[in-house]
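The values are calculated or read from the model by the stated rules, or taken from the named source; none is laboratory data. Since this is a predicted model, take the numbers as computed values, not measurements. Heads up, the Cβs are rebuilt from the backbone with ideal geometry, glycines too, and the neighbour counts pull from every protein chain shown.
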Ligand code: 5AD
Ligand code: SF4
């Protein structure tokens, strides 16, 4: 029973992190056209939806949270696992019903990773869909909408080696006015064998640091208190004038001198304002340098929290996954983090039941978890994705039952660790940033510590965006209960 609750809780956390919401911005009055925008998947998709909203508001569109009155309905999609795609397919069925019964004129567009993966096939498979747009083609949306207005279906899934939407000022959607995402890289070159992302988001490229700093300054001016720097692999951020990723070593002397790496970028952002908290996601063990850790330790406003996906605790499986590090190297990174920042929280992603994974190899995963004792984890069953290297090379041969059993063991262990790690905070004091109302009680607010732990406190006179010092009095595996001091 407890296990089930925790599983639900983890699913819920993921859903909350990843599930989209319809969003409202003021109608500028000039245009009768209204768009409704829904996002699924990773934080990058949410950030992209804000870019889409920006591009289309410039064209005179306004957004609505009421799908029934929308002229344009966009769904930003995720392909990372079969289940994510299924969620989108189910939403399309709902749109279909709405279109038939309440809103016959609505145009439906599919954005993001599923659009990129399925391309024109989407139009065949889902009659309802009018527009298919990949993650690098959002600037073309106004033209694509015109095409549909002229009675044709429209597709643009061209991936770019340069596009970073650098100068587009995102329209902040559905947020709390306190925390915002700022994208710093796009795409991924890592080619983990299980992952569809390199195919749906293309080559890795870094965004101009000046535009990143300018966006953060604007956020501070608008009252925001926290930014999360986003990328599939933030630690490999390297600005040398634009274009697809290159190794530092392959740059000319001049380019090397003028280049900006992730540690340097973080320092630039940390200096924007001491009142602005900085987070980042996602890190890859093989790219995270000690320089990054030292910058984190140096600046009070860089949060002591690292999401460091591991995926497996076994070397043979890691090799098959093409992760680029061994179990020992991963543990070495964890050592460095703990040495340089003893109070840093660490979370992970883990995949259970990858092709050919044996029971002993699964036990290595549990063993690695026991060594690290992660504060939190996002844990998944392996889901075979079409056309990935793993799908092409190996059979998805761990049975569904076994995947489920192994995942449950991973989740159980993580629940214990999360609880232990949270219990260790009881009696200690933390500064939290208030982000919103507690979901369980209207009399309470929630905020997060620098270690990314959610703390619930009495409302008192605190407002969203306040920094509040709290004493932790109690906890569950997911939440800390605090008292303002
Ligand atoms: N099956 C299961 N989980 C996956 N992830 C990525 N691809 C797959 C897949 N095919 C997980 C990884 C990654 C996270 C974003 O999603 O753990 O870190
Ligand atoms: Fe996928 Fe690996 Fe890139 Fe993450 S690092 S997006 S898991 S290919």
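Details
- Test: residue 381 is within 15 Å of ligand 1 (Cβ to nearest atom) and either modelled with pLDDT under 95 or out of contact with any strand residue (DSSP E or B) (no Cβ under 9 Å at 6 or more places or on another chain) (or both): no
- Residue match in the stretch 438-457 (condition: outside the structural domain of residue 274 (by TED's automatic domain parsing), closer than 23 Å to residue 228 by Cα and without any contact (Cβ under 8 Å) to a residue 12 or more places away in the chain): yes
- Condition met for residue 360 (farther than 27 Å from residue 431 by Cα, surrounded by fewer than 19 Cβ atoms within 10 Å (Cβ to Cβ), modelled with pLDDT of 95 or more and more than 12 Å from ligand 1 (Cβ to nearest atom)): yes
- Scan of the stretch 278-321 for residues that are within 12 Å of ligand 1 (Cβ to nearest atom) and in a loop (DSSP other than H, G, I, E, B), ordered by number: 282, 283, 284, 285, 308, 309, 310, 312
- Qualifying residue in the stretch 336-356 (condition: under 14 Å from residue 286 (Cα atoms) and either more than 12 Å from ligand 1 (Cβ to nearest atom) or in contact (Cβ under 8 Å) with a residue 12 or more places away in the chain (or both)): yes
- Scanning the stretch 247-261 for residues that are outside any helix (DSSP H, G or I) and farther than 17 Å from residue 210 by Cα turns up 247, 251, 252.
- Qualifying residue in the stretch 195-204 (condition: in contact with a strand residue (DSSP E or B) (Cβ under 9 Å, 6 or more places away or on another chain), closer than 16 Å to residue 165 by Cβ and more than 16 Å from ligand 1 (Cβ to nearest atom)): yes
- Selection status of residue 164, within 16 Å of ligand 2 (Cβ to nearest atom) and either crowded, with 18+ Cβ neighbours inside 10 Å or not in a loop (DSSP other than H, G, I, E, B) (or both): no
- For the stretch 231-258, the set of residues classified as closer than 25 Å to residue 47 by Cα and more than 15 Å from ligand 2 (Cβ to nearest atom) consists of 238, 239, 240, 241, 242, 243, 246, listed by residue number.
- From the list 173, 141, 219, the lone residue that is assigned to a loop (DSSP other than H, G, I, E, B) and either away from ligand 1 (no atom under 16 Å from the Cβ) or surrounded by 21 or more Cβ atoms within 10 Å (Cβ to Cβ) (or both) is 173.
- Residue 375 vs. criteria more than 14 Å from ligand 1 (Cβ to nearest atom), over 16 Å from residue 322 (Cα atoms) and in contact with a helix residue (DSSP H, G or I) (Cβ under 7 Å, 6 or more places away or on another chain): yes
- Selection within the stretch 458-485 - touching a helix residue (DSSP H, G or I) at 6+ places or on another chain (Cβ under 9 Å) and in a loop (DSSP other than H, G, I, E, B): 476, 477, 478
- Residues that are surrounded by 14 or more Cβ atoms within 10 Å (Cβ to Cβ) and in a strand (DSSP E or B), drawn from the stretch 402-430: 430
- Residue under evaluation residue 98, criteria (1) touching a residue at least 40 places away in the same chain (Cβ under 8 Å); (2) in contact with a helix residue (DSSP H, G or I) (Cβ under 7 Å, 6 or more places away or on another chain); (3) part of a helix (DSSP H, G or I), criterion not met: (1)
- Subset of the stretch 426-459 [more than 26 Å from residue 296 (Cα to Cα), at pLDDT 95 or above and more than 25 Å from the chain's Cα centre (by Cα)]: 444, 457, 458, 459
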